[in-house]
Amino acid sequence: MHRFANPAEFNRLADRILPWAIAVMAISLVAGLYLALIGSPPDYQQGESVRIMYIHVPAAWMAMFTYMVMAGASFVAIVWRHPLAELAGKAAAPIGATFTALALITGSLWGKPMWGTYWQWDGRMTSVLVLFFLYLGYMAIWHGFDDEEKAGRAAAILALVGVANIPIIKFSVDWWNTLHQPASVFRMGGPTIADSMLWPLFIMATAFQAYFVVVFLWRMKLEINQRKLSVMNRAEVYG
Amino acid sequence: MAAPKKSKGLKTRKRQRLVIVSAALIAIVGAIILITFALGGDSLNLYLQPSAVMEKQVPAGKRFRLGGLVATGSFHRDTDGLTYLFTVTDCAVDIPVKFKGLLPDLFREGQGVVTEGRLNKQGVFVAETVLAKHDENYTPPGTAPKNAEACSHPEALSALKKGGR
């Protein structure tokens, strides 16, 4: 693992993964969107509105997955002081914030016709909103310090403390009475989604996952190059 | 690797950091979740189920949210044609609900609802808003959901009671 803490090694690895990730993303996005919007049946209760689920659910999964990537990177950064780990957290945060916003917006748009309201302060919705603010706070800390090292340390600590919110999001629908429905896929006793809807959902989730890999690697490369550039500039000034 | 003495010291420090950060992380995450439960209490629940309303003896006139299933066969329209009457149940306790207004699309007997309003002196819950709750089932029309609600009312309720519950 230490080998990839070397930026040049990391860039080489990223360049090898990227074309494959882009291919997976393109294929699964086209197939997933076709199946989700055209190739899958309407729901027995929700009718055609169920199609929002194919965006909403993968976005919500990725919102939590990206947070775990960010928190994992922060943990490695604090314990082993890998410079790349810090950059990984910084690279992941805006992607996670976007997924979270997408989950909140699509959920809200689905909620109006189905529930009769855009928003209720129930356990699930509130904890996901907190997740969104954790991402924003993490990014704000990175921008708020002049000293990159201090910024990275402070942001990493926030990311780690915020991990508490992840089980709260997942189990909010079981621990408390919420308007949001309980889990349909990752639950005891197996999924409660018909197979003809479950497959399009998984394909869309694959597309979202591949999208994350692509944008994450691009942003990592960008961060590494920016670091290199600022080192070069300093070398010019002081050298 | 080049300086084995130095790297040994570094290794110990890293191991120490690993233990300290892991312990702190577990403690903080545990503390946050416990504090959420301890301070949040009932306010973390969006609504009360009929059993909880009964248990807490919620007084008439106090505003709260009531949630549960719309009992099968309980829904009907009042003589004015604008007021709806139905029973909200959690399979143990029933509360009659009166609502004047627009019902959401998903409102159905046997499905969940969250309503906000007050109990009147007669024990009828006068709702100001009614929200439909969707369950965890997704299935094409005409097929049976995989996880159909165990309680459909009132036949199933009496069957449950006979079954010794």
For B:Thr129, list long-range residues whose amide hydrogen, built 1.01 Å from N in the peptide plane, is under 5 Å from its own amide hydrogen.
B:Glu116
Can you bin the range A:10-154 into rounded, prolate or oblate? Criterion: square roots of the alpha carbon gyration tensor eigenvalues sorted a ≥ b ≥ c, rounded for a/c under 1.5, prolate for a/b above b/c, oblate for the rest.
oblate
Net charge of Cβ neighbours under 12 Å - reference A:Ala183; Lys, Arg +1; Asp, Glu -1
0
Calculate the FRET efficiency for B:Asp80 and A:Ala23 from the Cβ-Cβ distance with a Förster distance of 60 Å, rounded to the nearest 0.05.
0.45
Under Karplus coefficients 6.51, -1.76 and 1.60, residue-wise ³J(HN,Hα) of the range A:27-32 in Hz, glycine/proline x:
5, 6, 5, 5, 4, x
Under 5 Å between amide hydrogens, which residues at least 5 positions from B:Gln111 or on another chain qualify, with H placed 1.01 Å from N in the peptide plane?
B:Val70
Bin all alpha-carbon pair distances of the protein assembly as shown at 20 Å intervals from 0 and give each bin's fraction as a whole percent.
22, 47, 24, 6, 0
Using θ = phi - 60° and the Karplus relation 6.51 cos²θ - 1.76 cosθ + 1.60, list the HN-Hα couplings for the range B:56-68 in order, rounded to whole Hz, with x at every Gly or Pro.
7, 6, 4, x, 4, x, 8, 7, 7, 9, 10, x, x
Placing one equal point scatterer on each C-alpha of the range A:1-95 and summing with Debye, one gets log10 I(q)/I(0) at q = 0.15 Å⁻¹ equal to -0.78
Can you list residues from other chains, or at least 5 along the same chain, whose modelled amide H is less than 5 Å from the amide H of B:Leu103?
none
With a 1.4 Å probe on protein heavy atoms only, tell me which residues of the range B:19-33 lose at least 20 Å² of accessible surface in the complex relative to the chain by itself.
B:Val21, B:Leu25, B:Ile28, B:Val29, B:Ile32, B:Ile33
Reduction of at least 50 Å² in accessible surface, 1.4 Å probe, comparing all protein chains with the chain by itself, residues of the range A:115-130
A:Trp115, A:Gln120
How high is the relative contact order of chain A, given as a whole-number percent (alpha carbon pairs under 8 Å, six or more residues apart)?
31 percent
How far is it, in nm, from the label point at B:Ser22 to the one at A:Glu48 when both lie 7 Å from their Cα along the line to the Cβ?
5.4 nm
Using a probe radius of 1.4 Å on protein heavy atoms only, what is the accessible area buried between chains B and A, both sides summed, to the nearest 100 Å²?
3900 Å²
Over chain A, what percent of the accessible surface lies on carbon and sulfur atoms, probe 1.4 Å?
70 percent
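The values are calculated or read from the model by the stated rules, or taken from the named source; none is laboratory data. Small disclaimer: the values here were computed from a predicted structure and weren't measured. For neighbour counting, all protein chains shown are included, and Cβ atoms are generated from backbone atoms with ideal geometry for every residue, glycine included. What goes into the accessible areas is simple: the full protein's heavy atoms, side chains included, and nothing from ligands, DNA or RNA. Shrake-Rupley method; radii C 1.70, N 1.55, O 1.52, S 1.80 Å.
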